[in-house]
1. Kindly indicate which of G467, G510 is modelled with pLDDT under 95, out of contact with any Ser or Thr (no Cβ under 8 Å at 6 or more places or on another chain) and either buried (at least 21 other Cβ atoms within 10 Å of the Cβ) or of a type outside the set (A, V, I, L, M, F, W, C) (or both).
2. Please state which of the following conditions T260 fails to meet, knowing it meets all the rest: (1) modelled with pLDDT of 95 or more; (2) of a type outside the set (D, E, K, R); (3) within 30 Å of A72 (Cβ to Cβ).
3. State whether one or more residues within the stretch 146-153 are within 29 Å of the chain's Cα centre (by Cα), of a type outside the set (G, A, S), farther than 19 Å from T216 by Cβ and not in a loop (DSSP other than H, G, I, E, B).
4. When the stretch 99-123 is examined, which residues are found to be farther than 18 Å from A250 by Cβ, assigned to a loop (DSSP other than H, G, I, E, B) and over 23 Å from the mean Cα position of the chain (by Cα)?
5. Residue under question is I338, and the condition is that it be under 26 Å from N433 (Cβ atoms) and at pLDDT 95 or above; does it hold?
6. Considering only the stretch 392-450, state which residues are under 30 Å from E45 (Cα atoms), free of Cβ contacts under 8 Å to residues at least 60 places away in the same chain and β-branched (V, I, T).
7. Sort through D493, D454, D465, D469 and tell me the only one that's acidic (D, E), in contact with a strand residue (DSSP E or B) (Cβ under 8 Å, 6 or more places away or on another chain) and either assigned by TED's automatic domain parsing to the domain that holds G417 or touching a residue at least 12 places away in the same chain (Cβ under 8 Å) (or both).
8. Using beta carbons and a limit of 6 Å, which pairs, at least six apart or on different chains, have the first residue in the stretch 562-585 and touching a residue at least 12 places away in the same chain (Cβ under 8 Å) and the second one of a type in the set (D, E, K, R)?
Amino acid sequence: MRTFLTLMTAAPLTVLGQSLVSTQPELRTALLEDFTGIHCQYCPEGHTVAAAVEAANPDRVVVVGVHAGPFATPGTGEPDFRTPAGTDIDAYFTISGYPAGVISRHLFNGEDDLGRGQWEGAVNEILAMSSPVNLGVQSSFDPVTRDLTVDVVAYYTDNSPSGNDFISVLLKESNIVGPQTSTGGNIPNYNHQHVLRAYLTPTWGDEVSTTTVGTTVTRTYTYNVPVDFNIANCEVVAFISEDKSEVYQAREVVADGGTTLLIGGLDGPATPYAAGTSGTPTGFVATFTNALGVDGPFTITLASTDAPADWSSGFSVQGTSYTGSATVTFTNGSPEGIDFSILPGATAGVATYVLSVASVNEPNAPVLYEEVHVISGVTDLVVTNPQAEAHDPIYMAGLASANQTGRAKTNRARFLGFAGAGALTGVNNLYCNISWTFPSLTDEVVGHLQSFLDGGGNLMIAGQDIGWDQSGDPNAYGTPVTQAFYTNYMHADFVADGSTSNSSVNFEDGDAVFGGVPNSNINNVFQGNSYPEEITPISPAVPILRYNNPNKIGGLRVQTGSYKLVYFGVGPEQMTTASVGEQMVQLSHDWFYGLVSVAELDAAFGGSLWPVPADAVLNVALDGPVRAWQVCDAAGRPVLARREATATDRLTVDVADLAAGTYTLMVERPDGQRAARSFAVAR
């Protein structure tokens, strides 16, 4: 390896007015060092978590797979992914089990290595922190000599708090096919990603001694790439950190011709999450500034991969409107607005749209992206934890069986975005697909779930180990906040982790909601890791599901003055009989909307509604006082807003403005209990 050093205190490395790095203060990026091995059975799950975290934060998370430790030792004829640098780094950090993640070499509650369930939260914490230094990289590869040349530029927007810093540069390779042990057995042709191949700098970096605001540091490194490395699958990673700790910034580029060339700045909307309305555009504004040093063309694209077919979008720039993609010339250094809008159609959905800007003249430079997210027409929303996406279909099938046209799904990160933006006002019910994931709940998720339930929303939540995760076990991820939610909102008390001895489910025959669901065996969907957990309902919750041992309860439902909640300690995806899993979702939905007759609530009605069908008014006989009522359509969407009432023996509802069809009247008693009856309107 040959290293060349230049230290300057001027502007960042530039070529014809172009720069690899910005001089404006930036937030940190995150470096996730995934300590792994080919004989580590849980490591593929770590790879999945790392990929999800990276995908959720484009260009802000860099993943490096460090093969080290006892599970990385190859057998006869197996590839050896270990490196001297990886072994030294593994030995330095307190890696106590595999997979383990070191996130930006930062200490979290005094710990440097984290279990895979903690990676998402740790990365989010890093991404919210400011960095004193920005970083740029460019690389080139000579196919004849196989020399890789890497230029690194660091620009200090503030004084480094640690004094001297260290630049580290490494080479990683993806798409290496080889053996891997998993919880399901041996995988002979596993596709290994982000494998650390070599460090171009010393393992702990190349020291930088001048780290004051306004300083620019440039370094050049070369490395002769072994012939068994496929350069087309290789990337260069550069990061700048304190000595063996605290990574401030990390960047990655393709090894052959990669660059962080700064084409400009794209500033998106302050709030990228919004509630939309069918037929009404939802508008956003972004600003692009050309930073290439000369006027030039850029390609602007607005697209979505998950929007319903009847949704559309468009954008306007410099007074001209476009759909799809357009090439526009931007004046150097002059900020220009890009107005864009999303037009939801009649189909309910949650959609992500990506606005991108790419330089025509610099095709190897990074493309700039801004995402926006719109929810429209959704009354029933499935929220899925990372790694549980494979089980979305059974939730959506259950809602389809309930004829719920307002159904849609999203992931946990986007749910948090919509909730934080106050964009869930049209959602009546949430269905949390936790499955077997960790952490099952987070403080941020619980905070929004509590607000949703306090506001009158309903929740179905399902998955094995939700209770164990709140049990206080030293290996669990529960916090005081999530534990309080489990007790006070889910009305559950954790009893035991469960095992394969809980081999079937028996729904509570006397339960008015789930009593008619057929029994089912529990399927082995987690490669032998079956923990259908045992719980005790806390009053007023009632049991709805028991295992083959009738003393072991695995599910409950509860109604309070504000909400209804259904909790299954075994997920619908674990039912051997798929239709049973669908019914777990469907009947939760039906109970939320009052479409299931629950005996203890029937007393709210006197048993008669007239006329049948209704025309101008609907009269309802009551056996007691009612404090509020609401009318919903067949999809569960409110069509007559919630109204206060003082009726005790008869309620009169004006339905003159309703179209012909079937509706549901929901009434609420002074004690908070609710009842519902379907009725028809004729015209």
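1. Details: G467 fails: modelled with pLDDT under 95.
Of the residues listed, the single one that is modelled with pLDDT under 95, out of contact with any Ser or Thr (no Cβ under 8 Å at 6 or more places or on another chain) and either buried (at least 21 other Cβ atoms within 10 Å of the Cβ) or of a type outside the set (A, V, I, L, M, F, W, C) (or both) is G510.
2. Exception for T260: condition (3).
3. We begin by selecting, within the stretch 146-153, every residue within 29 Å of the chain's Cα centre (by Cα); these are none.
No, that holds for no residue.
4. N109, G110
5. On the way: under 26 Å from N433 (Cβ atoms): no; at pLDDT 95 or above: yes.
No: the conditions fail for I338.
6. V445, V446
7. Details: D454 fails: in contact with a strand residue (DSSP E or B) (Cβ under 8 Å, 6 or more places away or on another chain); D465 fails: in contact with a strand residue (DSSP E or B) (Cβ under 8 Å, 6 or more places away or on another chain); D469 fails: in contact with a strand residue (DSSP E or B) (Cβ under 8 Å, 6 or more places away or on another chain).
Criteria check complete, one pass: D493.
8. S562/D454; V566/R557; G569/E533
The values are calculated or read from the model by the stated rules, or taken from the named source; none is laboratory data. In this text, all values refer to a predicted model and were calculated from it rather than measured experimentally. Glycine gets a Cβ as well: all are built from the backbone with ideal geometry, and neighbour counts include every protein chain shown.
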